[in-house]
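The values are calculated or read from the model by the stated rules, or taken from the named source; none is laboratory data. A quick note: this is a predicted structure, and the numbers were derived from the prediction, not measured. Quick reminder, even Gly has a Cβ in these numbers, built from the backbone with ideal geometry, and neighbours come from all protein chains shown. With ligands, DNA and RNA removed, areas are computed over all heavy atoms of the protein, side chains included. Shrake-Rupley method; radii C 1.70, N 1.55, O 1.52, S 1.80 Å.
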Amino acid sequence: MINDRELSELSRMYPLLLDLPPPLREAVRGEAWRVAAPAGHRLFGLRDRCQAFLMVVGGTVRVTKPTLAGRDILLYRLSPGDTCILTVSCLLGRAAYPAVGVVEEDLVGYALPQGLFHRLLEQSSAFRAFVFRFFAERIAELMELVEEVRFQPLERRLAAALVGRGPVIYTTHQTLAEEVGSVREVVSRILKEFERQGLIRLARGRVSVLDSEGLQQLVHSVGDSSH
């Protein structure tokens with residue numbers, strides 16, 4: 001159960017709740033619960049059963065897919081106002097998670113139990129539209145990710161990951177490797193080459209973008225190669 005202040009907080013980030021019929025809105029108040037987790041906490045792992053639908057009001061969650069080669073590929077991030085399409089898929093299909101979700105920035109959210117999630121889908125057109133709009137958008141993003149990983153050279157993917165996030169990016173080489181679908185050693189080598197070219201400056205847990213225009217040129221000019 002959540003109180004009036006918590007329901008208001010949730011509704012500000014997910015205004016569709018304001019359009020729910022009163023009985024469904026009261027069901028959210030009575031059955032939802034608040035979730036808080038620190039950075040680094042694993043929300044779900046491979047083959048975990050999905051029991052609830054998470055609505056994020058603060059922080060971020062990284063959703064990654066481990067590969068047979070031992071790499072982790074970033075599928076997407078959950079931010080306030082988002083919904084996790086893997087959670088939706090698992091709830092609808094009553095299946096286990098095929099990926100891993102880890103809190104990146106301290107998380108605050110609210111969880112809806114599986115039964116209430118299905119009731120909202122069945123009885124609220126606003127909730128259905130919200131869920132399936134995100135589903136469609138995420139599927140399109142994942143299709144773009146597949147194309148990038150398959151056809152774009154690693155230098156281009158890494159430059160693209162850096163160019164829009166400056167001037168200072170607090171991250172690790174391992175995290176960047178997960179984002180571009182490679183391994184830390186290869187990414188570290190390319191980052192050092194970027195630094196040699198004066199595009200970035202490396203420090204522990206931090207990448208400073210010195211020449212965003214130069215990185216942008218790399219995004220559009222690097223020839224095909226494989227890693």
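Roughly what % of DSSP beta bridges within the chain run antiparallel, to the nearest 5?
Details: 31 of 31 bridges.
Just about 100 percent of them are antiparallel.
Place the peptides 96-108, 4-16 in order of packing, highest mean first, counting for every residue the other Cβ atoms within 10 Å and averaging per peptide.
Values: 96-108: 17.8, 4-16: 15.2.
In descending order of packing, they fall as 96-108, 4-16.
From largest accessible area down, sort Met143, Met1, Met55; use a 1.4 Å probe on the protein chains. Don't jump to the answer; show the numbers that get you there.
Numbers: Met143 130, Met1 165, Met55 0 Å².
Per-residue accessible area, sorted high to low, gives Met1, Met143, Met55.
Kindly provide the helix-only [θ] at 222 nm of the chain, computed as the sum of -39,500 (n - 2.57) over DSSP H runs of four or more divided by all residues, to the nearest 500 deg cm²/dmol?
Numbers: 9 runs with 107 residues, N = 227.
The per-residue figure over the chain is -14500 deg cm²/dmol.
What are the principal axis extents of the Cα atoms in the range 1-55, in Å, biggest first?
Extents along the principal axes, in whole Å: 37, 21, 18.
How large is Rg over Rh for the range 1-116, taking Rg from the Cα atoms and Rh as the Kirkwood inverse mean of 1/r across Cα pairs?
Working: Rg = 14.6 Å, Rh = 14.7 Å.
Expressed as Rg/Rh, it is 0.99.
Report, as a whole number in µm² per second, the diffusion coefficient that Stokes-Einstein gives for the range 78-180 at 25 °C and 0.890 mPa s using the Kirkwood radius over alpha carbon pairs.
Numbers: Rh = 16.3 Å.
Translational D for this selection: 150 µm²/s.
Which semi-axes, in whole Å and largest first, does the equivalent ellipsoid of the range 180-222 have when worked out from the alpha carbon gyration tensor as the square roots of 5 times its eigenvalues? Intermediate results must be reported in sequence, preceding the final value.
Numbers: eigenvalues 56, 41, 15 Å².
With the √(5λ) rule applied to the range 180-222, the semi-axes are 17, 14, 9 Å.
With 5 Å bins from zero, work out the P(r) of the chain over every alpha carbon pair and list the percent per bin.
Result, from short to long distances: 1, 6, 13, 17, 16, 14, 11, 9, 7, 4, 2, 0, 0 percent.
Using the heavy atoms of the protein chains alone and a 1.4 angstrom probe, what is the accessible area of the chain per residue in square angstrom? Before the final figure, lay out each step's value.
Working: 11650 Å² over 227 residues.
Result: 51 Å² of accessible area for each residue.
Angle between the Cα long axis of helix 4-13 and the longest principal axis of the chain, 0 to 90 degrees, nearest 10?
On a 0 to 90 degree scale, this one is about 40.
With the full set of protein chains in place, find how many percent of the accessible area of the chain is carbon and sulfur; take the probe as 1.4 Å. Let's see the in-between values first.
Numbers: 6070 of 11650 Å².
Exposed carbon and sulfur together represent 52 percent of the surface.
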